[in-house]
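S.K.: Before we start, here is the structure in question, set down as structure tokens.
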Amino acid sequence: QVQLVESGGGLVQPGGSLRLSCTASASIFSTYRMDWYRQAPGKQRELVAALSSRGNTDYADSVKGRFTISRDNAKNTLYLQMNSLKPEDTAVYYCHADPDPVLLPYEADYWGQGTQVTVSS
């Protein structure tokens, strides 16, 4: 069982920055793809950014050039640096660990509890 704990959310003005953190209870980055999702009120949860075990990144079009996903293997911590924030970025942000289907074919995925990000003046 892996636990994911997010932190770093809060209230920020438009144009501001926040950095979210997600700390895993075990060293999983070599065998899991790590993602950030978000869910705004009344909307479906959407993938914001992904970081593969090999270090490849992918971003939703809506955040490209503004958000950066990264990790610190020594600290078992995933980050999401969010710059130039907009009101439409307001959502609960979730950390997600997706097991490599070849290396861990029977392992479950894991979700954090979420952290609220509110962009408002």
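The values are calculated or read from the model by the stated rules, or taken from the named source; none is laboratory data. Bear in mind that the values here come from a model prediction, so they are computed numbers and not experimental data. Because the Cβ atoms are built from the backbone with ideal geometry, glycine has one as well, and the counts that use them run over all protein chains shown. What goes into the accessible areas is simple: the full protein's heavy atoms, side chains included, and nothing from ligands, DNA or RNA. Shrake-Rupley method; radii C 1.70, N 1.55, O 1.52, S 1.80 Å.
S.K.: Look at the stretch 17-47 and say how many of its residues are modelled with pLDDT of 95 or more, farther than 20 Å from Gln1 by Cα and either of a type outside the set (Gly, Ala, Ser) or open to solvent by less than 20 Å² (accessible area, probe 1.4 Å) (or both).
M.R.: Residues that pass the stated criteria total 11.
S.K.: Also: Which of the following residues is in contact (Cβ under 8 Å) with a residue 12 or more places away in the chain, surrounded by 14 or more Cβ atoms within 10 Å (Cβ to Cβ) and over 14 Å from the mean Cα position of the chain (by Cα): Val63, Val2?
M.R.: Selected residue: Val2, the only one of Val63, Val2 that is in contact (Cβ under 8 Å) with a residue 12 or more places away in the chain, surrounded by 14 or more Cβ atoms within 10 Å (Cβ to Cβ) and over 14 Å from the mean Cα position of the chain (by Cα).
Residues checked against (1) at pLDDT 95 or above; (2) part of a loop (DSSP other than H, G, I, E, B):
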{"site": "Glu6", "(1), (2)": "yes, no"}
{"site": "Leu11", "(1), (2)": "yes, no"}
{"site": "Arg54", "(1), (2)": "no, yes"}
{"site": "Asp61", "(1), (2)": "yes, yes"}
{"site": "Arg71", "(1), (2)": "yes, no"}
{"site": "Ser84", "(1), (2)": "yes, yes"}
{"site": "His96", "(1), (2)": "yes, no"}
{"site": "Leu104", "(1), (2)": "no, yes"}
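S.K.: Find the residue count for the stretch 20-43, including only residues that are in contact with a Phe, Trp or Tyr (Cβ under 6 Å, 6 or more places away or on another chain) and either in a loop (DSSP other than H, G, I, E, B) or of a type in the set (Lys, Arg) (or both).
M.R.: 1
S.K.: Look at the stretch 111-121 and say how many of its residues are farther than 17 Å from Leu51 by Cα and open to solvent by 70 Å² or more (accessible area, probe 1.4 Å).
M.R.: Residues in the stretch 111-121 being farther than 17 Å from Leu51 by Cα and open to solvent by 70 Å² or more (accessible area, probe 1.4 Å): 3 in total.
S.K.: Residues Ala108, Ala50: which one is part of a strand (DSSP E or B) and either open to solvent by 20 Å² or more (accessible area, probe 1.4 Å) or within 14 Å of Asp35 (Cβ to Cβ) (or both)?
M.R.: Of Ala108, Ala50, the one residue that is part of a strand (DSSP E or B) and either open to solvent by 20 Å² or more (accessible area, probe 1.4 Å) or within 14 Å of Asp35 (Cβ to Cβ) (or both) is Ala50.
S.K.: Going residue by residue through the stretch 70-81, is there one that turns out to be of a type in the set (Val, Ile, Thr), open to solvent by less than 30 Å² (accessible area, probe 1.4 Å) and in contact (Cβ under 8 Å) with a residue 24 or more places away in the chain?
M.R.: yes
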